[in-house]
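All remarks here apply to the structure that follows.
The values are calculated or read from the model by the stated rules, or taken from the named source; none is laboratory data. What you see is a predicted model; the values in this text were computed from it and never measured. Here the Cβ positions follow ideal geometry from the backbone for every residue, glycine too, while neighbour counts run over all protein chains shown. For accessibility, only protein heavy atoms count, side chains too; no ligands or nucleic acids. Shrake-Rupley method; radii C 1.70, N 1.55, O 1.52, S 1.80 Å.
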Amino acid sequence: MEKKKKSSFSNSLGFVLAAAGSAVGVGNIWRFPYLVAQDGGGLFLIVYLILVMTFGFTLLTTDVAIGRRTHEHALRAFGAMDKHWGFLGWITFLVPAMIMTYYTVIGGWVTKYFVTYLTGSGSQAAQDGYFNSFITAPVAPVVFMLIFLAATAFIVYRGVEKGIEKFSRIVMPGLFLLIIGIAVFSLTLRVSDGENVRTGLQGLAVYLIPNMEGVTPSRFLGILLDAMSQIFFSLSVSMGIMITYGSYVKKDVDLGKSLGRIEFFDTFVAFLAGMMIIPAVYVFSGTEGMSAGPGLMFVSLPKVFDAMGPVGTIVGLAFFLMVIFATLTSCVSIMETLVANCMEVFRWDRKKMCLVITVLAAVGAVVICMGYNVFYFEVTLPTGKAGQQLLDVVDYISNSFLMPAISLLTCIFVGWVMKPKWIIEEMEASGHTFTRKGLYTVMIRYVTPVMMLILFLQSAGVFNLVKSWFGK
Ligand code: PHE
């Protein structure tokens, strides 16, 4: 049977922007700054940078090269490489399927906040309990989720070049300008309450200077694992997304160079997000004001914007516009992966597949929304995190449990069954040399699998279990 012509990005810039669009998301904006504040400031930055250039680079290279070489999406790619490994494609497919349900819910929250600032009611968002009463409401979170999902579906429906690439080309430079603008503004902040003066530049020092206080070897391991799991999520690797995007890259593109740019872009945006958020929170609430995860973006920051006075409305609006750009391009990559995989399996056209996936995603997302009212519960995860809801549980299974497992299996498969040469050949298929091939070989065969095993055991709660056996 003749193969249907597949879609592709028009050139390497199109690919870099679309992939960076996937990589830059709430992970960069609400998770990275929080981890830096919690894990020793500059110390975390250094650890993160080293890990991105080694582990992040290895995982990203593997995914994209698999996609381009097999010209398949995750579901088929692994089986096409070796028929005994087809199961890995199925496990990989589960991750975007799970993430899709809650990412649209978060996208809905962002949309709601954007609208709140747009209509000039930003100070309401700064009131205690605003976020909680919004997400626990029965209807509003569903409505905003549907708006966000419809926007995502429309871009995916338009296709790879006319939808995803075109949208990323417009939005990513915009995102970049907005984040630089807000970060610079953050540094100029200054607040005095009587004798104490706090400035943005002091906040910058808190962000950049390594804080070694209380860093024991076991604490250092904790920091290492935090950075490692952040890298997965942030680079969108080990979930089939970069395999799909890789399959859209033309053969003449220098992959090594493009991947370097994606790593750089993702890390730089995370760095800027920290530079924007940490000084601002520091100036208005001290470092204790830094809460984790959604709390940071939807609770702490609106308070900071409110404290800025009238200009806060504009900064808040710019901020949430930037976050919408970031979440939308990420959600598009998740949905594209689901649609593209299913199109292959069911042999349906894009239009029909988009419709089906949108309906399924909407159903899943409604269930996640109900996790804050009808299905409300609080559980403690194996990692020891207490008071978690449905969204956190799904996030835990997909990101903390499945992703390290998938990476571990992928490393074993690529490093030992297919051999690194298989990837290196693809990296050099365009005629350019793959400069980091020595590093890649060592990383994929030895270092990454060991790290993934440790990460998996930690996420599965094995370390906590062992600690409890020894009574401490
Ligand atoms: N990489 C995105 C971020 O940093 C998250 C993401 C996860 C995007 C899964 C797509 C798929 O927020």
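Could you tell me whether the range 295-309 includes any residue that is in a helix (DSSP H, G or I) and in contact with a Lys or Arg (Cβ under 7 Å, 6 or more places away or on another chain)?
no
The set of residues in the range 10-27 being assigned to a helix (DSSP H, G or I) and either more than 10 Å from the ligand (Cβ to nearest atom) or modelled with pLDDT of 95 or more (or both) consists of SER12, LEU13, GLY14, PHE15, VAL16, LEU17, ALA18, ALA19, ALA20, GLY21, SER22, ALA23.
Restricted to the range 152-178, and to residues there that are surrounded by fewer than 18 Cβ atoms within 10 Å (Cβ to Cβ) and hydrophobic (A, V, I, L, M, F, W, C), the residue that is farthest from LYS352 (Cα to Cα) is LEU177.
Pairing residues of the range 14-40 that are farther than 13 Å from SER236 by Cβ with residues that are open to solvent by less than 10 Å² (accessible area, probe 1.4 Å) and of a type in the set (D, E, K, R), at Cβ distances under 9 Å and at least 6 apart in sequence or on separate chains, gives GLY14/GLU165; PHE15/GLU165; LEU17/GLU165. Total residues in the range 368-392 satisfying the condition of being of a type in the set (A, V, I, L, M) and either under 25 Å from PHE78 (Cβ atoms) or crowded, with 16+ Cβ neighbours inside 10 Å (or both): the figure is 4. Within the range 424-440, does at least one residue satisfy the condition of being of a type outside the set (S, T, N, Q), modelled with pLDDT of 95 or more, surrounded by 22 or more Cβ atoms within 10 Å (Cβ to Cβ) and closer than 30 Å to TYR102 by Cα? No, the conditions are met nowhere in the range 424-440. For beta carbons closer than 8 Å, sequence separation of 6+ or different chains, a first residue in the range 173-190 that is over 16 Å from ILE314 (Cβ atoms) and a second that is in a helix (DSSP H, G or I) and open to solvent by 50 Å² or more (accessible area, probe 1.4 Å), the qualifying pairs are LEU187/LEU201.
Does PHE268 qualify as being aromatic (Phe, Trp, Tyr), open to solvent by 60 Å² or more (accessible area, probe 1.4 Å), at pLDDT 90 or above and farther than 21 Å from THR448 by Cβ?
In short, yes.
Set side by side, the residues TRP30, TRP90 differ, and just one is within 25 Å of VAL394 (Cα to Cα) and more than 12 Å from the ligand (Cβ to nearest atom), which is TRP90. Against the conditions (1) touching a helix residue (DSSP H, G or I) at 6+ places or on another chain (Cβ under 9 Å); (2) modelled with pLDDT of 95 or more, GLN458 satisfies every one except (2).
ILE46 meets each of the listed conditions (1) away from the ligand (no atom under 16 Å from the Cβ); (2) closer than 25 Å to ILE423 by Cα; (3) in contact (Cβ under 8 Å) with a residue 60 or more places away in the chain apart from (2). Among the residues making up the range 33-58, those that are closer than 18 Å to TYR207 by Cβ, among the aromatic types (Phe, Trp, Tyr) and within 17 Å of the chain's Cα centre (by Cα) are TYR34, TYR48.
With the requirement that a residue be within 12 Å of ALA153 (Cβ to Cβ) and either hydroxyl-bearing (Ser, Thr, Tyr) or open to solvent by 50 Å² or more (accessible area, probe 1.4 Å) (or both), what does the range 331-355 give you?
If the condition is that a residue be within 12 Å of ALA153 (Cβ to Cβ) and either hydroxyl-bearing (Ser, Thr, Tyr) or open to solvent by 50 Å² or more (accessible area, probe 1.4 Å) (or both), then LYS351, LEU355 are the ones that fit.
Restricting ILE106, ILE99, ILE91, ILE66 to residues that are open to solvent by 20 Å² or more (accessible area, probe 1.4 Å) and of a type in the set (A, V, I, L, M) narrows the list to ILE91. Name every residue in the range 229-247 that is buried (at least 22 other Cβ atoms within 10 Å of the Cβ), within 14 Å of the ligand (Cβ to nearest atom) and in a helix (DSSP H, G or I), in order of residue number. Within the range 229-247, GLN230, ILE231, PHE232, PHE233, SER234, LEU235, ILE241, MET242, ILE243, THR244, TYR245 qualify.
Restricting the first member to the range 126-143 and to residues that are under 19 Å from GLY107 (Cβ atoms), and the second to residues that are open to solvent by 90 Å² or more (accessible area, probe 1.4 Å) and among the aromatic types (Phe, Trp, Tyr), the beta-carbon pairs closer than 8 Å and six or more apart or on different chains are THR136/TYR376.
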